[in-house]
Amino acid sequence: MEPITLGLLSLAVLTLFLISGMRIAYATAMCGFAGLWMLRGYDAAAMLSATTVYGHLTSYTLLVLPLFILMGYFAFYAGITRDLYWAARQWFGNMPGGLAIATVFGSAGFAAACGASTASAAVMGRVALPELKKYGYDMKVATGCVAAGGTLATMIPPSVLMVIYGFIAEESIGALLLAGILPGLLEAFSYATMLYLRFWINPSLGPPIERVTMAEKFSSLKGVWGIVVLIILVMGSIYTGVATPTEAAGVGAIGALLMALPRMSGKDFWHACLETARTTSLIFAIVAGVLIYVHFLGFTGMPAAVAQWIISLDASPMTVLICILLLYLFLGMFLDGIGMLLLTVPIILPTIKELGINPIVFGVLVVRMIEIGLITPPVGLNVYVLRGVAKDVSMGDMFKGCGWFVLVDMINVAILLAFPSIILLIPSTMIK
């Protein structure tokens, strides 16, 4: 069998495995190992699989993942989430849609300490939904803004997906993390603007809260200092070149731990470490499985063949890029972000480079499309996570509540496509 034919057959089998519900780590590892066995024999397949996984998973670069995850858990136990939401509530609560806007900005603040969107949605759901329900907000809008606000954690650094993209694409993780700042802020302010207009046009969606004095507003800011310190410690050290992303993540984890110590019990500390280990193990299992599969695809010559085929179509780079992003929009409805990123980037990235598209711009756009997949049916993970918090709201209503946010997301993607300098502005000025 021709190697490329074998590669195409393996993709079909992998698709069947994933549709059947098999975990992506096992499905990719099995398909990859079987493909290597057919191409190189059992002994070579076993050796290649073992050395590939060991060589990549022991990389110093990947140490940044558990450290960022641990920082997020410590930040939660430090009470940063509740403090951020309270400050946003005090400042924006008396505006049309004020509590919904506060939820978005609270999520954006927590995103600067938590790189996982599902964790952000779960935490903000526990903090914000009771308040939104108390003031009689439309629960479709309420759950929609919590689910969509959670996606900010995949864009605003520290982002787990940005780290994984940088690892697989062999791009600067520091530059990618910094590249997500402005698109993330654009997303947050776009959500807030949309909510303000919707509530201004239709006040029945939810009332503003009672007016808060300026003294109370400024008093609420004392709870924001923690996240400001973390941002300076982590992103400031990366931007100035004082520390590598891994070193900055370590400093950030220690800083979050020191903030959490006055409020955190021994049980909480153990839970934070245990959940970090579980989350990291899950991510590394997916990485290991996909690495075996991608290594097999490399032997088939598929990535280069796909690149040559796309280039032979003689379409403009922008047209190709839009088509690829639409593909990610479709895949995001069925696959989780980490698996989708690891599976597709090694195949598509050679085409992107051949077309002269900046890999950092492409990475941010891909992560942006994955964000949309987190709140669109049938596999909108943020919505499923939120279902465990808001059990009295149907899944259908939650997805309907996300509809306006998806529309805003698509507008933001168009803006980033038209003005990629938004993505590159901060990384281009970082000290290397």
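The values are calculated or read from the model by the stated rules, or taken from the named source; none is laboratory data. Since the model is a prediction, treat every value here as computed from it, not as a measurement. Neighbour counts are summed over all protein chains in view; Cβ atoms, including those assigned to glycine, are modelled from backbone coordinates with ideal geometry. Note: accessible area is taken over every heavy atom of the protein model, side chains too, but ligands, DNA and RNA are not part of it. Shrake-Rupley method; radii C 1.70, N 1.55, O 1.52, S 1.80 Å.
On a per residue basis, the convex hull of the C-alpha atoms belonging to the stretch 82-168 measures out at 76 Å³. Of K134/K391; K267/K391; K140/K391; K134/K400, which sit over 18 Å apart, Cα to Cα? Result: K267/K391; K134/K400 exceed 18 Å.
Using the alpha-carbon atoms, what tilt in degrees (0 to 90, nearest 10) does helix 117-134 show relative to the longest principal axis of the chain? It is inclined by approximately 20 degrees. Of the trypsin sites (Lys or Arg not before Pro) found in the stretch 359-398, the ones in coil according to DSSP and having at most 14 other Cβ atoms within 10 Å of their Cβ are K391. Normalised by residue number, the volume inside the convex hull of the Cα atoms of the stretch 304-357 is 74 Å³ per residue. When the Cα positions of M162, V383, L342 are compared along the charge dipole of the chain, V383 comes out farthest toward the positive end, with charges on each C-beta of Lys, Arg, Asp and Glu. Farthest towards the positive end of the charge dipole of the stretch 145-241, among the residues I173, L205, A153, is the Cα of L205, using unit charges on the Cβ of Lys, Arg, Asp and Glu. Heavy-atom accessible area, probed at 1.4 angstrom with all protein chains present, ranks C145, C273 as C273, C145, highest first. Taken one residue at a time, the phi angles of the stretch 252-268 give Karplus couplings (6.51, -1.76, 1.60, θ = phi - 60°) of x, 5, 5, x, 5, 4, 4, 5, 7, 3, x, 10, 9, 7, x, 5, 5 Hz. Gly and Pro are set to x. For the chain, the per residue solvent-accessible surface stands at 42 Å², with DNA, RNA and ligands left out and a 1.4 Å probe.
When Rg and the Kirkwood Rh are both derived from Cα coordinates, the Rg/Rh ratio for the stretch 393-432 amounts to 1.30.
Relative contact order for the stretch 273-386: 32 percent, from Cα pairs under 8 Å spaced at least 6 residues apart, divided by residue count.
For the chain, a simple Cβ point-charge model (Lys and Arg +1, Asp and Glu -1, everything else neutral) yields a dipole of about 960 debye relative to the Cα centre.
Counting Lys and Arg as +1 and Asp and Glu as -1 over every other residue whose Cβ lies under 11 Å from the Cβ of L205, the net charge comes to +1. If you sort M38, M124, M214 by accessible surface, 1.4 Å probe, largest first, the order is M38, M214, M124. Once the Cα atoms are used to define both axes, helix 3-19 deviates from the longest principal axis of the chain by about 40 degrees.
With Rg and the Kirkwood Rh both taken from Cα atoms, where does Rg over Rh land for the chain?
Reported Rg/Rh, Kirkwood definition of Rh: 0.98.
Annotation note: GluC sites (Glu not before Pro) in the stretch 196-266 located in DSSP loop regions with a Cβ neighbour count of at most 13 within 10 Å are E210. For the stretch 132-230, place one equal point scatterer on every Cα, skip the solvent, and apply the Debye formula. What is log10 of I(q)/I(0) at q = 0.16 Å⁻¹? So the normalised log intensities work out to -0.92.
Across the options I324, G236, L62, the greatest Cα extent toward the positive end of the charge dipole of the chain (unit charges at beta carbon of Lys, Arg, Asp, Glu) belongs to G236.
Placing one equal scatterer on every Cα of the stretch 145-293 and applying the Debye formula, the log10 ratio I(q)/I(0) at q = 0.17 Å⁻¹ is -1.24.
Size of the stretch 1-146: Rg and Dmax of its alpha carbons, in Å, are 23.1, 68. Per-residue 3J(HN,Hα) values for the stretch 291-304, derived from phi via the Karplus relation 6.51 cos²θ - 1.76 cosθ + 1.60 with θ = phi - 60°, read 4, 4, 5, 5, 4, 5, 4, x, 5, 6, x, 5, x, 5 Hz in sequence order (x marks Gly and Pro).
Dividing the summed -39500 (n - 2.57) terms of all DSSP H runs of n ≥ 4 by the residue count of the chain sets its mean residue ellipticity at 222 nm at -24500 deg cm²/dmol. Here the accessible area is traced with a 1.4 Å probe on the protein chains. For the chain, carbon and sulfur cover 70 percent of it. Taking trypsin sites (Lys or Arg not before Pro) across the stretch 173-272, the ones in a DSSP loop with at most 15 further Cβ atoms lying within 10 angstrom of their Cβ are R211, R263.
Its Cα gyration tensor gives the stretch 353-420 an equivalent ellipsoid; the semi-axes, largest first and in whole Å, are 30, 12, 7. Which of rounded, prolate or oblate describes the stretch 280-321 when judged by the alpha-carbon gyration tensor and an a/c cut-off of 1.5? In terms of gyration-tensor shape, oblate. Between 0 and 90 degrees, the angle of helix 160-169 with respect to the longest Cα principal axis of the chain falls at about 20 degrees.
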